[in-house]
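The block underneath contains the structure these notes are about, expressed in structure tokens.
Bear in mind that the values in this text are calculations on the coordinates, not laboratory data. Quick caveat: nothing in here was measured; it's all calculated off a predicted structure. All Cβ positions, even for glycine, are placed from backbone atoms using ideal geometry, and neighbour counts span all protein chains on display.
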Amino acid sequence: MTLLEEKHKLATRWFHWINFPILSLMIFSGMLIYWSNDVYTIGVGSLTVFHFFPDWFYDATHIDHKLAYGMALHFLFAWIFALNGIAYFIYTVVSGEWRELAPQAKSFSEALQVMKHDLGLKVPMPPQGRYNAAQRITYSAIVVMGFFSLLTGLAIYKPAQLNWLTALLGGYEWARFEHFWLTMGYVGFFGIHIAQVIRAGWSNFRSMVCGYDLVEMEKNHAE
Amino acid sequence: MPNDPHAEIARRSRRSFIVLGGGAAAGLAGLWAVNRAPADADLPPALRTVLGFNEKVVRNTLYSNDHLVKEYPASAIGKIKVNADYGLDDDIEDADWRLQVTPYGAAEASAKLTIDEVRALPRHEEIIDFKCVEGWSTVTQFAGARLSEFTAKYAPGSEKAACVAMTTPDGEYYVGLDTPSALHPQTLLAYEMNGAPLEAGHGAPLRLVIPVKYGIKNIKRIGTIAYTDTRPKDYWAERGYDWYAGL
């Protein structure tokens, strides 16, 4: 028989759906800021493979010459991003939800299996709780990354008043570099996350909105 | 069957998607409100309010004149660029240059100082990371008089003012500073840079070096200093930037 199963708690869903647009706005306003000193590249020695960002990207997005506006936006939404993230962290710890989320000792070897399975190789999916091993690792890592975005951001925002924090993160320029690459990490996460959500299908997506999904149970178990 | 799971999830799903849609609409309305501005505004008023709020938070919780910016060894000094020349159009000779000082409460300038009168104050030297609002920074050596010691000597009692205003001699560039930052021990009226007399492009004969602020506040070729309670106008604050611009 078909039963209703709770997949995601109400609080988790609220944190998630607040974070998504806010983080998007943080990335957008961050790029308005980054444009005025767009120094980061991928390359070997003097050979630049990719420059963040190429002219065609600026031409297509029109994010140029908006530094002041970008800073003002960034320092507004940073509040919501930080408060939502801190509230989520406290909730996850206090509610015990972290047990479903934190990577376990076996998660790292299992995650490889999950990846192979997801890539279509004939590897069975390891048995799992709410989150599989790869999800445990990435969803925990993204929380840690968020925390470091906050720290590196503060280190760039107030390097004089928080000089100890800036020093701890390697100095002003390193903190900016770290802040940038954490953001690129979110962009990478977002791409994979969306692909996985599409692959998992409608009922999985619906469960992130309404919290529930339908599961088939054997009759004698359920009755 | 009282609780058909298919009907139940349809009900829950409908309700949740309505809430999500409502939230999205509220979010878009909020974004619209944040961006609402008169056509000639340099920054939407709501964002200006947030910058003011952030300034209050920082000044009440983080800021202290005991917090010094990091100082570097001479080997770390880089080559700082001339990023802007607002207010530096006219050619002036050091001998013709005067610094007009308007103390707190005075209606007009009480003193017109020569560069030698500034140099007469104790000389302080610092090698700091000069930070541009654009995101780059360059380690640079500066030497000059502490603005706090300058104030004590040439505008005594002006420490009580809430703000300090500075302009170039032609009035083309101007900054407003909060007094605590202006009296920070690393805030200098500098006449030397990287071991040489300050160059014209970097603000000769006298510029402000205030390492607890972005470069936009480090006004070159100072012509006037006034101590006031009303928040002075600020060139880049009029162009969308944070008036406080503190680091």
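Diagonalising the gyration tensor over the Cα atoms of segment B:96-165 and scaling each eigenvalue by 5 before taking the square root yields semi-axes of 26, 16, 12 Å, largest first. Shown is the FRET efficiency for B:Ala107 and B:Asp42, computed with R0 = 30 Å from the Cβ-Cβ distance and rounded to the nearest 0.05: 0.50. For B:Lys79, the lysines whose Cα falls under 23 Å of its own Cα, not counting residues fewer than eight places away in the same chain, are B:Lys70, B:Lys131, B:Lys213, B:Lys217, B:Lys220.
Provide, for q = 0.15, 0.21 Å⁻¹, the log10 of I(q)/I(0) from a solvent-free Debye sum over equal Cα point scatterers in segment A:141-223. With no solvent term, the Cα-only Debye profile gives -0.68, -0.92. Rounded to the nearest 10 degrees, the angle from helix A:172-200 to the longest Cα principal axis of chain A is 30 degrees. Give me the Kirkwood hydrodynamic radius of segment B:1-104 in Å, from all C-alpha pairs, to one decimal place? Value: 22.0 Å, from the Cα pair sum.
Between 0 and 90 degrees, the angle of helix B:45-61 with respect to the longest Cα principal axis of chain B falls at about 70 degrees.
Note: segment A:1-108, Cα convex hull, 214 Å³ per residue. Counting neighbouring beta carbons within 10 Å and listing from fewest to most, the residues B:Ser181, A:Ser203, A:Ser29 come out as A:Ser203, A:Ser29, B:Ser181. Computed over neighbours whose Cβ is under 10 Å from that of B:Ile115, the net charge equals -1, Lys and Arg +1, Asp and Glu -1.
With the convex hull of its Cα atoms as the shape, the protein assembly as shown has an orientation-averaged projected area of 29.4 nm². If a/c stays under 1.5 just call it rounded; otherwise compare a/b with b/c (prolate if a/b is bigger, oblate if not). Do that for segment B:45-239, with a ≥ b ≥ c from the square roots of the Cα gyration tensor eigenvalues. Here segment B:45-239 falls in the rounded category.
Would you please give the FRET efficiency between B:Ile77 and B:Arg119, computed as 1/(1 + (r/R0)^6) with r the Cβ-Cβ distance and R0 = 25 Å, to the nearest 0.05? Using R0 = 25 Å, I get an efficiency of 0.65. The alpha-carbon of A:Lys66 sits under 18 angstrom from the alpha-carbons of these aspartates and glutamates, leaving out residues fewer than 8 places away in its chain: A:Asp38, A:Asp55, B:Asp40, B:Asp42, B:Glu134, B:Glu238, B:Asp242.
For segment A:109-153, the percent of C-alpha pairs falling in each 5 Å distance bin, counted from 0 to the bin holding the largest distance, reads 5, 22, 22, 16, 12, 9, 8, 4, 1.
Exposure proxy shown here: for A:Ile27, A:Ile137, B:Ile128, B:Ile18, the number of other Cβ atoms within 10 Å sets the order, fewest to most, as B:Ile18, A:Ile27, A:Ile137, B:Ile128. Per the Debye calculation on segment A:2-222 with a single equal scatterer at every Cα and no solvent contribution, log₁₀ I(q)/I(0) for q = 0.12, 0.13 Å⁻¹ amounts to -0.81, -0.93.
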